[in-house]
1. Counting only protein heavy atoms and using a 1.4 Å probe, what share of the accessible area of chain A belongs to carbon plus sulfur, as a whole percent?
2. Counting only other residues whose beta carbon sits under 15 Å from that of residue B:7, what net charge do I get with K and R as +1, D and E as -1?
3. Could you work out the pair-distance distribution P(r) of the protein assembly as shown from its alpha-carbon pairs, with 5 angstrom bin width and percents rounded to whole numbers?
4. Given label points at 7 Å from Cα along Cα→Cβ, what nm distances, shortest first, separate residue B:12 from the same residue in every other copy?
5. Report the B-A buried area as the accessible area lost on both sides summed, probe 1.4 Å, in Å² to the nearest 100.
6. Over chain A, with a single point scatterer placed on each C-alpha, what log10 of the ratio I(q)/I(0) does the Debye formula yield at q = 0.13 1/Å?
7. At what distance in angstrom do the alpha carbon centres of the range A:27-81 and the range B:12-38 lie from each other?
8. On a 0 to 90° scale, report how tilted helix A:16-27 is relative to the longest principal axis of chain A, with both axes built from alpha carbons and the result rounded to the nearest 10.
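The values are calculated or read from the model by the stated rules, or taken from the named source; none is laboratory data. Since we're looking at a predicted model, the values are computed, not measured. We place every Cβ from the backbone using ideal geometry, glycine too, and count neighbours over all the protein chains shown. These accessible areas exclude ligands, DNA and RNA; they are computed on the full protein's heavy atoms, side chains included. Shrake-Rupley method; radii C 1.70, N 1.55, O 1.52, S 1.80 Å.
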Protein chains: 2
Amino acid sequence: MKAIVCVTLKPDVLDPQGKAIQRAAAALGHSAIREVRQGKLFEVEVDAVDRGAAERLLREVAGKLLSNPVIEDFRIERIEA
Amino acid sequence: MKAIVCVTLKPDVLDPQGKAIQRAAAALGHSAIREVRQGKLFEVEVDAVDRGAAERLLREVAGKLLSNPVIEDFRIERIEA
């Protein structure tokens, strides 16, 4: 199965990279881009008997390897058979 | 409107970070994690009159600022009102 795991900074953590992108967009005339926050995306190919098993494994790996729980949140965006 | 833009390496571009994560998962006993590819995720707050306008603006900004078209692809994962 193929899954997408998203890792984002917690809302109260500053994101200077995202801010720089928002400023660059404004400098190019795109002031309609009000805010940008950058995160990480993982495309994971996983062997599992069903969606539930895939999700349990992904939650464990996302918490241990893909994210830093002090400053980041993760979510499983989708799981495709 | 809030949008999620995903930027991923093109399929033929090597991803040593993703490979390192897959190996670390295997070392922790999670050999069911067969492949990992790392990408970037952008959460963008955009002012637009409708979804179509938001998508046009996001495509322009994603192509110019968020991705490197030589080695990366982007897609607009979702747009929420």
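1. Here it works out to 53 percent.
2. Numbers: positive: A:37, A:40, B:10, B:37, B:40, B:59, B:64, B:75, B:78; negative: A:43, A:77, B:15, B:43, B:60, B:72, B:73, B:77.
Here the charged neighbours net out to +1.
3. The calculated distribution, bin by bin, is 2, 9, 18, 19, 19, 15, 10, 6, 2, 1.
4. Its label point is 4.8 nm from the equivalent points in the other copies.
5. Details: alone 5950 and 5950 Å², together 8770 Å².
That pair hides around 3100 Å² of surface in total.
6. With no solvent term, the Cα-only Debye profile gives -0.51.
7. So the two Cα centres are separated by 15 Å.
8. 50 degrees
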